[in-house]
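Take a look at the structure below.
Any read-out appearing in this document is the output of simple, stated calculations on the displayed coordinates, not a laboratory observation. The shown structure was predicted, so the numbers you read here are calculated from the model rather than taken from an experiment. Note: ideal-geometry Cβ built from the backbone for every residue, glycine included; neighbour counts use all protein chains shown.
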Amino acid sequence: MDWQGQKLAETLMQAMLAAFAVAAFATGYVLGSFRTMLLAYAGGVVLTALITVPDWPFYNRHPLKWLDPAEAERHPRPQPQPEGASKKKPSKTHKKVGLVNSFGYIDREEAP
Amino acid sequence: MHSFVYRLNTLVTFSVLLLGVLCAGASILDSFNSHSVRAHVEVLKVNRFRRQLNGNDEVALTLNISVDLQSAFTWNTKQVFVFVAVEYETPKNALNQISLWDHIIPDKEHAKFETQVTNKYLLIDQASFLRIPFCIKNLIIWNMKEHGSNLRGKKIELVLHWHVMPKTGRMIQDKIGVSSFQIPEAYT
């Protein structure tokens with residue numbers, strides 16, 4: 001479902017539910033039957049669900065236009081530098097030495 | 001609205017919200033319904049009027065009840081609970097209410113009827129006594145002296161109450177005084 005299809009689905013859902021609610025209330029009141037109102041409204045909800053919940057084709061009339069691949073190749077995305085390719089630093093081996101003093105346990109780095 | 005479940009969730013939420021609005025609307029319309037109830041209740045006969053061993057007065061009556069509660073029914077009415085109560089005054093309490101008979105009316109077709117019944121619930125007036133202590137040989141005796149409350153010759157009002165129970169919304173209560181009756185002076 002594209003962007004405009006989503007907007008259409010939401011608007012349609014709200015409008016249909018409101019319309020069915022008003023119609024069901026009027027029907028129930030005129031016929032003097034609460035049950036009729038509930039059934040009419042339930043029918044309206046099911047119909048609205050069938051129309052607005054599945055991804056029908058008419059929600060996909062405005063597909064997104066992506067850039068042409070050739071155009072995309074002309075403006076390549078900046079590649080993130082691979083790890084360890086530019087940073088030619090000798091990998092330090094960190095050795096942790098524990099020191100216990102009266103305040104607790106303290107980590108301390110020590111060069112090899 | 002980007003996925004099936006998301007759209008379904010939105011739809012269910014909004015439809016339940018609107019359902020609440022519908023029910024509230026029905027309830028509001030209900031409160032504009034002005035019902036005119038016609039009812040007549042009269043005492044045909046006093047079957048029994050006696051003093052119980054504990055001093056309470058007990059009355060059994062036969063009532064003729066004719067009620068037309070059809071106008072209390074609207075499209076939002078589940079049932080109507082109706083009961084006949086007696087109301088009277090005693091020196092101790094300004095208002096005493098005792099239910100004699102009740103009935104549940106399930107629908108409009110049964111809302112108009114006439115019936116003769118004995119009271120389902122006995123009319124029992126609780127005696128009130130002054131407890132006066134006096135001593136005989138180190139024993140405290142409580143002399144129960146009647147405090148002037150009994151039903152002999154009492155004028156009682158018969159009142160028809162009804163509670164309209166809606167399918168949704170607030171319960172409506174109302175009552176109408178139907179007749180008055182004087183209880184005989186003598187026990188039977």
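Count charges around B:LEU29 for me, please; just the other residues with Cβ under 14 Å from its Cβ, Lys/Arg as +1, Asp/Glu as -1.
Around B:LEU29, the surrounding residues sum to +1.
Highest mean first, how do B:76-86, B:171-181, A:40-50, A:65-75 rank when packing is the count of other Cβ atoms within 10 Å averaged over residues?
Highest mean packing first, the order is B:76-86, A:40-50, B:171-181, A:65-75.
For helix B:4-31, report the angle its Cα long axis makes with the longest principal axis of the Cα atoms of chain B; keep it between 0 and 90° and round to the nearest 10°.
The angle comes out near 40 degrees.
Compute the signed sum of charges (Lys and Arg +1, Asp and Glu -1) over the other residues within less than 15 Å, Cβ to Cβ, of B:ASP107.
+3
Longer than 31 Å from Cα to Cα, which of B:LYS112/B:LYS167; B:LYS92/B:LYS112; B:LYS120/B:LYS154; A:LYS7/B:LYS167 are they? Say none if no pair is.
The answer is B:LYS92/B:LYS112; A:LYS7/B:LYS167.
Once you list every other residue whose beta carbon is under 14 Å from the beta carbon of B:TYR88, what net charge do they have if Lys and Arg are +1 and Asp and Glu are -1?
Net of charged neighbours comes to -1.
Taking amide H positions as placed 1.01 Å from N in the peptide plane, with prolines and chain starts having none, which residues 5 or more places from B:LYS112, or on another chain, fall under 5 Å of its amide H?
Close amide H contacts, sequence-distant or interchain: B:LEU69.
Between B:SER15, B:SER71, B:SER31, where does the largest GNM mean-square fluctuation fall for chain B, given springs only between Cα atoms within less than 10 Å?
B:SER15
Per the helix-only calculation at 222 nm, which mean residue ellipticity applies to the protein assembly as shown, given -39500 (n - 2.57) for every DSSP H run of n ≥ 4 and division by its residues, nearest 500 deg cm²/dmol?
-9500 deg cm²/dmol
Just check the protein assembly as shown against the gyration tensor rule for me: Cα atoms, a ≥ b ≥ c as the square roots of the eigenvalues, rounded for a/c under 1.5, and otherwise prolate or oblate depending on whether a/b exceeds b/c.
Since a/c reaches 1.5 but b/c is at least a/b, the shape of the protein assembly as shown is classed as oblate.
Please list, in order, the residues from segment B:156-188 whose amide nitrogen is less than 20 Å from a point placed 7 Å along the Cα→Cβ vector of B:SER71.
Zone members listed by number: B:159-166, B:172-179.
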